[in-house]
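Trainee: Handing you a structure now.
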Amino acid sequence: MDNKEFEKLLLSVQKPGRYAGGELNSIIKDKEKVDVRFAFCFPDTYEIGMSHLGMKILYSLFNEREDIWCERVFNPWIDFQEVMRENNIPLFALESRDPIKDFDFIGFTLQYELSYTNVLNMLDLAGVPLRSADRKDLSPIVVAGGPCACNPEPMADFIDLFFLGEGEEVDLEVIDLYKKIKAEGGDKQVFLRAAAQIEGVYVPSLYDVEYYVDGTIKSITPKDGAPAVVNKRIMRDMDKSFYPETFVVPTTEIVHDRAVQEIYRGCIRGCRFCQAGFIYRPVREKSVDTILSQAKSLCDTTGYDEISLSSLSTSDYRQIQTLLSRMIEWSEKDKVSISLPSLRIDNFSTELLEKIQYIRKSGLTFAPEAGTQRLRDVINKNVTEEEILRTCLTAFEGGYTSVKLYFMIGLPTETDEDIVGIAELGQKIVNSFYSMPNKPKYKSVNVSISVSTFVPKPFTPFQYEPQITVDEIRRKHDLLRNSIKTKKISLSYHDSSTSFLEGIFSRGDRNLCKAIEEAYLNGCKFDGWNECFSLERWMETFEKCGINTAFYANREREYEEILPWDHLNYGVTKRFLTRENLKAHGEATTPNCREQCAGCGANCYGEGVCFEKR
Amino acid sequence: MRNVRVFFTKHGRMKFASHLDMNRLMTRIIRRSGVPIWYTEGFNQHPYITFALPLSLGFTSDYEIMDIRVIDDEFTNEQVKAALEKVFPDGLVVTAVENMVLKTGEVAFAEFAITFKEGEKDFAERLNAFLSQESILTEKKTKKGKMKEIDMAPCIKRFSISKRFSAEEGESVVLNLVLSAGGENNLNPTLLLAAFGETPYYTVCRKMIYDSAMECFK
Ligand code: SF4
Ligand code: SF4
């Protein structure tokens with residue numbers, strides 16, 4: 001389509017800037033001079049996808065190579081989808097505006113289960129058959145990675161191959177293999193079989209899954225030489241690991257519009273509900289020098305005046321004090337502000353607080369996750385009420401007047417007492433503000449409580465647990481609301497029905513593929529968006545496909561059951577997860593990796609926290 | 001310290017950048033360029049930048065003006081230009097960097113070239129008749145959010161209509177329009193053309209900005 005005509009259509013939709021491309025630092029290459037064209041797809045809107053660090057890393061990494069041109073693709077909003085269909089515009093990549101169906105690779109990053117229908121939506125808009133089996137040619141190869149790839153089974157029929165773990169090395173190995181097989185004239189089957197031999201690559205079509213009559217898995221059998229167990233890949237040395245010198249700087253507004261500097265991967269904590277805490281093990285840190293030089297390069301080349309330090313739990317970075325002191329020095333000079341998301345409450349010192357105040361005076365957030373000590377022990381959130389209150393008091397004395405607390409409901413073993421405990425903890429924090437002898441006059445305190453619903457995830461000690469039903473979620477919401485007695489506490493919670501859907505997919509198997517396809521054809525997309533999500537439509541679909549949703553979401557699994565992801569290895573062993581589950585029910589906590597190794601299995605990579613001197 | 005005026009053009013994919021987007025983008029571009037620029041004081045320090053006249057999303061422009069404050073007097077306008085040229089993205093081109101002459105409040109008129117794709121045969125004539133009326137009424141939202149009737153005719157300084165033919169684009173009608181700009185009397189060509197009724201698809205390019213004496217705005 002000619003550019004004028006295209007731009008005319010763009011001007012007829014909301015926020016056209018997100019489809020225009022041409023942003024600062026976006027990469028244009030001569031398509032005649034590259035061997036491999038890679039469409040990097042984020043199955044959500046531009047605003048969300050452009051805020052995502054993983055995409056930025058891989059975009060730069062691929063484009064460093066002269067023979068690869070990687071371009072960005074996001075899911076167009078509904079209004080533009082309609083315009084595209086009316087005018088026969090297939091899904092295109094932002095840089096070249098070429099249709100992605102002609103690319104060598106279409107790659108998705110799967111960040112959350114609610115984006116699954118968007119993956120199908122994007123393939124469909126591209127004019128590419130949804131099912132792997134219906135795509136006979138060598139290209140486009142449809143690949144996917146990201147955290148949801150740790151249980152990729154619900155998407156197994158659509159994706160040709162999954163990358164497990166960190167993609168920096170394995171993605172390029174697969175691209176090289178593709179080049180070789182294409183040059184030799186090999187077909188898709190030849191390529192997939194060879195790719196399955198690369199560590200970190202999972203080709204679902206090379207595994208047969210058999211079921212018992214009750215729907216649980218009887219066996220998972222590899223074929224055509226595929227490995228019985230597929231191992232995830234990790235970057236062993238974070239100081240040598242690729243990091244982009246620059247980011248594409250969006251012209252229009254996005255969710256997180258700033259530079260992001262990764263400081264380490266993994267988490268030492270092992271909170272039992274947290275998938276990230278297990279699948280990214282072991283912890284591997286970057287050195288202060290690496291962080292500073294990467295951060296500086298990012299700000300210099302993007303012109304960003306804000307940088308956020310990214311990790312799962314910033315204050316667990318061993319050199320945090322040194323890092324912050326040196327960063328502050330630089331940021332003052334260059335007029336860059338630093339923001340620190342994901343701070344944990346327990347090792348939050350006064351000294352650190354002073355630095356943070358210095359950095360950015362915004363609200364403080366804490367995640368106690370559960371309302372009582374008993375339940376915090378069950379989930380292995382090693383933080384005590386005393387610590388929470390002390391930290392809040394320190395913060396109040398430092399001039400803060402609002403704190404935000406995150407909790408989960410529906411955790412294993414939870415009783416009504418634990419729910420009421422959330423309100424009580426909030427009340428105690430409010431009281432501690434008013435107990436300050438020198439509390440600021442005319443100022444009032446605000447404690448905001450944000451509640452999400454616990455969704456059991458693969459590769460966590462709670463992978464065996466039932467999720468509570470939607471009715472039960474609503475009852476607990478009501479109970480909590482009625483337990484709050486002061487206006488100083490504000491309460492917000494997530495929609496219970498999307499958590500339910502998430503619960504079905506997160507531990508789903510291949511039998512869900514047909515339901516996802518059916519749901520998409522039935523009009524489900526942008527399920528993470530309130531204005532698009534329809535539980536009724538999903539329930540109709542499940543019924544039509546004969547899917548028992550309770551089997552996936554609300555059923556307790558035996559330790560011996562073969563789980564849909566048991567043939568994938570993320571370092572942590574099932575034996576360890578089972579042990580942790582037993583400990584949870586015994587209300588016993590497990591020390592973090594730095595206090596004492598819990599023998600999770602992730603030391604198999606030979607690097608990281610497992611080998612630090614304790 | 002001195003105020004420096006940057007003249008640039010805006011075309012291609014950059015036409016989808018709104019005024020707010022331009023503000024954000026320029027802040028970053030200028031930080032990247034290394035031009036020693038003055039930062040606003042206070043907690044949230046940011047480079048001081050102002051635009052003479054906002055441009056609507058979707059318009060291209062041959063004459064955009066941005067003012068910045070350079071703190072280092074040794075740093076010449078040529079150096080500013082060279083530094084900016086290095087970092088301007090595709091679609092933005094610096095045409096000149098000069099010391100500021102007029103205040104932005106002195107903007108009085110803007111000239112637009114509006115190109116219509118081939119329309120009905122008598123479109124040019126009807127457009128001519130429409131723009132020649134004594135008064136052209138429309139409703140406009142006041143600052144308080146109420147609708148108020150205004151007359152746009154006095155805001156039309158001058159116009160001319162021509163026809164063009166090119167092998168690529170076929171027949172088109174080009175309206176050259178000078179409208180009041182800046183301040184209270186600012187008139188957006190889209191509003192004017194909306195009052196005309198249905199038109200063929202058109203593109204708008206801002207050609208020039210003038211002061212009250214119809215001198216090019218410097
Ligand atoms: S601190 Fe706990 S919840 Fe946070 S990332 Fe680590 S394991 Fe997960
Ligand atoms: S092996 Fe030990 S130290 Fe290493 S990640 Fe597992 S529990 Fe932590």
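Trainee: Which order do you get for A:TYR552, A:TYR211, A:TYR442 if you rank them by accessible area with a 1.4 Å probe, largest at the top?
Mentor: Largest accessible area first, the residues go A:TYR442, A:TYR211, A:TYR552.
Trainee: Let me ask you something else. From the helices alone, meaning DSSP H stretches of at least four residues, give me the mean residue ellipticity at 222 nm for chain B, per-run term -39500 (n - 2.57), in deg cm²/dmol to the nearest 500.
Mentor: -6000 deg cm²/dmol
Trainee: Turning to a different aspect of this structure: Under the rule of at least 5 residues apart or a separate chain, name every residue whose amide H is placed under 5 Å from the amide H of A:ILE338.
Mentor: For A:ILE338, the qualifying residues are A:ILE307.
Trainee: With every protein chain left in place and a probe of 1.4 Å, what is the accessible surface of B:MET214, to the nearest 10 Å²?
Mentor: Approximately 50 Å² for this residue.
Trainee: Can you pull the Rg over Rh of the range A:126-232, Cα-only, Kirkwood? Show your work: numbers first, answer last.
Mentor: Working: Rg = 14.0 Å, Rh = 14.4 Å.
Radius of gyration relative to Kirkwood radius: 0.97.
Trainee: Give me the net charge of A:GLY601's neighbourhood, meaning all other residues with Cβ under 10 Å from the Cβ of A:GLY601; Lys, Arg count +1, Asp, Glu -1. Before the final figure, lay out each step's value.
Mentor: On the way: positive: A:ARG281, A:LYS574, A:ARG575; negative: none.
Here the charged neighbours net out to +3.
Trainee: Using square roots of five times the C-alpha gyration tensor eigenvalues, list the equivalent-ellipsoid semi-axes of the range B:45-85 in whole Å, biggest first.
Mentor: 24, 14, 8
Trainee: On to the next question. All other residues with a Cβ under 11 Å from the Cβ of A:SER51 taken together, and with Lys, Arg as +1 and Asp, Glu as -1, what is their net charge? Please list the in-between numbers first.
Mentor: Details: positive: A:LYS56, A:ARG258; negative: A:ASP44, A:GLU47, A:GLU253, A:ASP257.
Taking every other residue near A:SER51 into account, the sum is -2.
Trainee: So, one more: Which of the lysines could be linked to A:LYS381 by a straight reach, that is with a Cα gap under 18 Å, when you skip same-chain ones fewer than 8 residues away?
Mentor: A:LYS404, A:LYS457, A:LYS583
Trainee: Still on this model: Suppose we keep just the DSSP beta bridges with both residues in chain A; what percent of those would be antiparallel, to 5?
Mentor: Details: 12 of 57 bridges.
Rounded to the nearest five, the antiparallel share is 20 percent.
Trainee: Report, in whole Å, the centroid distance computed from the Cα atoms of the range A:2-37 and the range A:46-103.
Mentor: 9
Trainee: Give me the percent relative contact order of the range B:2-100, please, defined on Cα pairs under 8 angstrom at least 6 residues apart. Don't jump to the answer; show the numbers that get you there.
Mentor: Details: 176 pairs, mean separation 49.2, N = 99.
Computed value for the range B:2-100: 50 percent relative contact order.
Trainee: Which ³J(HN,Hα) values, rounded to whole Hz and listed in residue order, are derived for the range B:139-154 from phi using the Karplus coefficients 6.51, -1.76 and 1.60 in 6.51 cos²θ - 1.76 cosθ + 1.60 with θ = phi - 60°, glycine and proline given as x?
Mentor: 9, 9, 6, 7, 4, 7, x, 8, 8, 9, 7, 10, 9, 8, 3, x
Trainee: Any idea what Rg and Dmax come out to for the range A:1-97 if you just take the C-alpha atoms, in Å?
Mentor: Rg and Dmax of the range A:1-97, Cα atoms, are 13.7, 37 Å.
Trainee: What residues qualify as long-range amide H neighbours of A:GLY200, i.e. H under 5 Å apart, gap of 5 or more or another chain, H built at 1.01 Å from N?
Mentor: A:ASN231
Trainee: How many percent of all Cα-Cα pairs in the range A:200-256 sit more than 16 Å apart?
Mentor: In whole percent, the long-distance tail amounts to 69.
Trainee: Follow-up question, since we're still on this one. Can you compute 3J(HN,Hα) from phi for each residue in the range A:192-207, using the Karplus curve 6.51 cos²θ - 1.76 cosθ + 1.60 with θ = phi - 60°, rounded to whole Hz and x for Gly and Pro?
Mentor: These are the phi-based 3J(HN,Hα) values: 4, 5, 5, 5, 4, 7, 7, 4, x, 10, 10, 10, x, 5, 8, 10 Hz.
Trainee: Run through every distinct alpha carbon pair of the range A:502-552 and return the Kirkwood hydrodynamic radius in angstroms, one decimal place.
Mentor: Values: mean 1/r = 0.0902 Å⁻¹.
Kirkwood radius, the range A:502-552: 11.1 Å.
Trainee: Something else: Using all Cα-Cα distances in the range A:237-313, what percent lands in each 5 angstrom bin from 0 up to the longest?
Mentor: Each 5 Å bin holds this share of Cα pairs: 3, 15, 22, 19, 17, 14, 8, 2, 0.
Trainee: So for the pair A:GLU253, A:GLU184, with labels modelled 7 Å out along Cα→Cβ, what separation do we get in nm?
Mentor: The two pseudo-label positions are separated by 5.3 nm.
Trainee: Could you work out the helix-only [θ] at 222 nm for chain A, with each DSSP H run of four or more residues adding -39,500 (n - 2.57) and the total divided by the number of residues, to the nearest 500 deg cm²/dmol?
Mentor: -10500 deg cm²/dmol
Trainee: Turning to a different aspect of this structure: Along the range A:158-170, what does the Karplus equation 6.51 cos²θ - 1.76 cosθ + 1.60 (θ = phi - 60°) give for ³J(HN,Hα), rounded to whole Hz, x for Gly and Pro?
Mentor: Listing the rounded values in order: 9, 9, 6, 8, 10, 9, 9, x, 8, x, 3, 9, 5 Hz.
Trainee: Would you list, by chain and number, the aspartates and glutamates whose Cα falls below 16 Å from the Cα of B:LYS207, excluding same-chain residues fewer than 8 positions away?
Mentor: In chain and number order, the partners are B:ASP62, B:GLU64, B:GLU111, B:GLU215.
Trainee: Tell me the relative contact order for the range B:106-210 as a rounded percent, counting alpha carbon contacts under 8 Å between residues six or more apart.
Mentor: 46
Trainee: When the gyration tensor of chain A is built from Cα positions, what are the square roots of 5 times its three eigenvalues, in whole Å, from largest to smallest?
Mentor: For chain A, the ellipsoid semi-axes come out as 38, 30, 25 Å.
Trainee: At a 1.4 Å probe radius, which order do A:SER308, A:SER12 fall into by accessible area, largest first? Write down the numbers at each step before the final one.
Mentor: Values: A:SER308 5, A:SER12 80 Å².
In descending accessible area the options line up as A:SER12, A:SER308.
Trainee: Quick one: what Rg and Dmax do you get for chain B from the alpha carbons, in Å?
Mentor: Both quantities, over Cα of chain B: 19.3, 60 Å.
Trainee: Right, next: Convex hull over the Cα atoms of the range B:120-162, averaged projected area in nm²? If you can, show how the numbers build up before the last one.
Mentor: Values: hull surface 16.1 nm².
For the range B:120-162, the mean projected area of the Cα convex hull comes to 4.0 nm².
Trainee: From largest accessible area down, sort A:HIS256, A:HIS477, A:HIS52; use a 1.4 Å probe on the protein chains.
Mentor: A:HIS256, A:HIS52, A:HIS477
Trainee: Only Cα pairs under 8 Å and at least 6 apart count here; give the relative contact order of the range A:234-360 as a rounded whole percent.
Mentor: Across the range A:234-360, relative contact order equals 25 percent.
Trainee: Next question, about the same structure. Under the Kirkwood approximation applied to all pairs of distinct alpha-carbon atoms, what is the hydrodynamic radius of the range A:3-229 in Å?
Mentor: Working: mean 1/r = 0.0548 Å⁻¹.
In the range A:3-229 this quantity evaluates to 18.3 Å.
Trainee: Give me the net charge of A:SER310's neighbourhood, meaning all other residues with Cβ under 12 Å from the Cβ of A:SER310; Lys, Arg count +1, Asp, Glu -1.
Mentor: So the environment of A:SER310 carries a net charge of +3.
Trainee: Right, here's the next one. Rg(Cα) of the range A:469-585 divided by 2.2 N^0.38 Å?
Mentor: 1.32
Trainee: Going by Cα centres, the range B:88-166 and the range A:116-192 are how many Å apart?
Mentor: 51
Trainee: Over all pairs of distinct alpha carbons, what does the Kirkwood formula give as the hydrodynamic radius of the range B:2-100, in Å? Could the numbers behind the result be given before it?
Mentor: Numbers: mean 1/r = 0.0736 Å⁻¹.
By the Kirkwood definition, the hydrodynamic radius is 13.6 Å.
Trainee: Right, another one. Where the centroid of each part is defined by its Cα atoms, how far is the range A:257-280 from the range A:559-605 in Å?
Mentor: Cα centres, the range A:257-280 to the range A:559-605: 17 Å.
Trainee: In whole angstrom, how long is each semi-axis of the equivalent ellipsoid of the range B:90-197, when you take the square root of 5 times every eigenvalue of its Cα gyration tensor and sort them from largest down?
Mentor: 26, 24, 12
The values are calculated or read from the model by the stated rules, or taken from the named source; none is laboratory data. Computed from a predicted structure; not experimentally measured. Backbone-built Cβ (ideal geometry, glycine too); neighbour counts: all protein chains shown. Ligands, DNA and RNA are stripped out before the accessible areas are found, and what is left, the full protein with its side chains, is counted by its heavy atoms. Shrake-Rupley method; radii C 1.70, N 1.55, O 1.52, S 1.80 Å.
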